[in-house]
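Report on the following structure.
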Amino acid sequence: MTVALVGAGPGDPGLLTRRGAELLETAEVVVYDRLVAAELLELAPDGAELVDVGKGPGQSGRQADINELLVAYGRSGRRVVRLKGGDPFVFGRGGEEAEALRRAGVDVEIVPGVTSAFAAPAAAGIPVTHRTVSTSVTVVTGHAGDPTLPGVDWDVLGRLEGTLVVLMGMGARSVIAERLMAAGRRPDTPVAVVRWGTTDRQEVARTTLDRLAEVGLEAPATIVVGAVAALDVTAVVATEV
């Protein structure tokens, strides 16, 4: 009895790992999330059972039901793939699902994925670290519009000098910006918001921390705060001749 927790990557189906593709191509059951690219589901064999357990904003309470479902499928003896956007262990609740499966006596194979925390900025030409600009990066969640989530100390984050990447933070962007500025981040700190990063629907908005609340892009989006947010290494640089 084994369930494979597979990271689907940040959105571009071409960024799925080879191991992830191998498992999908032989899966008998695929339990997938809301943001998984439809092209990845097409890798599953004809006749495979495709189970949509995608959660919308504010539906995190369904996780216990998903855990029970995975245990039931894991015990069925079929080849099961749990396909999760990004990386299962980066704000993907993969850890909770793995624990539930192991408690139930079901083996788990972990297949890491490319996280949007780094891939979305990269697709917009933003390196989250840069030797001359930022030598550290911190990834936090702003999920459900609650900037006081346990483990997220916005006062400390406001005093850091490196790059801050906020996932699931658009609903709380106004409060997050206020908290960071109150803690010491300069109002003119560069900020970038990348929506649907790595896909053909990608949108990028560049602004400053004091104007983050004015950005109208909706989720799914990745927020980058720090000097690197002003960079665009994909832009054409004019050279003198």
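Bear in mind that the values in this text are calculations on the coordinates, not laboratory data. Everything quoted here is computed from the prediction, not taken from an experiment. Cβ: placed from backbone, ideal geometry, glycine included. Neighbour counts: every protein chain shown.
Out of all Cα-Cα pairs in the stretch 195-239, roughly what percent, to the nearest whole number, are more than 12 Å apart?
Result: 67 percent of Cα pairs exceed 12 Å.
Would you mind computing, in nm to one decimal, how far apart the modelled labels at Ala21 and Asp65 are, each placed 7 Å from Cα along Cα→Cβ?
3.5 nm
Have a look at the stretch 2-111 and give its Rg and Dmax from the Cα atoms, expressed in angstrom.
Gyration radius and largest Cα-Cα distance of the stretch 2-111: 12.5, 34 Å.
Collect residues whose amide H, placed 1.01 Å from N in the peptide plane, falls under 5 Å from the amide H of Val3; neighbours closer than 5 in sequence don't count.
Long-range HN contacts for Val3: Asp107, Val108, Glu109.
Using the Karplus curve 6.51 cos²θ - 1.76 cosθ + 1.60 with θ = phi - 60°, what ³J(HN,Hα) values do you get for each residue of the stretch 156-165, in whole Hz, with x for Gly and Pro?
Going residue by residue, I get 5, 4, x, 9, 6, 9, x, 7, 10, 10 Hz, with x marking Gly and Pro.
Please work out how much length the chain gains when fully extended from Glu109 to His130, using 0.36 nm per residue of separation minus the C-alpha to C-alpha distance, in nm with one decimal.
Working: separation 21, 0.36 × 21 = 7.56 nm, distance 3.35 nm.
My answer for the length gained is 4.2 nm.
I'd like the antiparallel share, as a percent to the nearest 5, of DSSP beta bridges with both residues in the chain.
45 percent
Quick check for me: using +1 on Lys/Arg Cβ and -1 on Asp/Glu Cβ, what's the dipole size of the chain about its Cα centre, in debye to the nearest 20?
Around 440 debye, computed over the chain.
Take every Cα-Cα pair in the stretch 116-230 and report what % of them are more than 17 Å apart.
Considering the stretch 116-230, 47 percent of its Cα-Cα pairs are separated by more than 17 Å.
Calculate how many DSSP beta bridges within the stretch 2-111 are antiparallel, expressed in % of all such bridges and rounded to the nearest 5.
5 percent
Mind computing the radius of gyration and Dmax over the alpha-carbon atoms of the chain? Å is fine for both.
19.2, 68
Between exposed trypsin sites (Lys or Arg not before Pro) in the chain, where DSSP calls loop and at most 13 other Cβ atoms lie within 10 Å, what's the longest gap?
35-130
Through the Karplus equation 6.51 cos²θ - 1.76 cosθ + 1.60, θ set to phi - 60°, convert the phi angles of the stretch 103-111 into ³J(HN,Hα) values in whole Hz; use x for Gly and Pro.
4, 8, x, 9, 5, 10, 10, 9, 10
Compute the longest continuous run of the chain that contains no exposed GluC sites (Glu not before Pro); treat a site as exposed when its DSSP state is not H, G, I, E or B and it has at most 13 other Cβ atoms within 10 Å.
No qualifying site falls inside 43-160, the longest such stretch.
For the chain, what does the helix formula give at 222 nm: sum of -39500 (n - 2.57) over DSSP H segments with n ≥ 4, over the residue count, nearest 500 deg cm²/dmol?
After summing the helix terms and dividing by the residues of the chain, the value is -6500 deg cm²/dmol.
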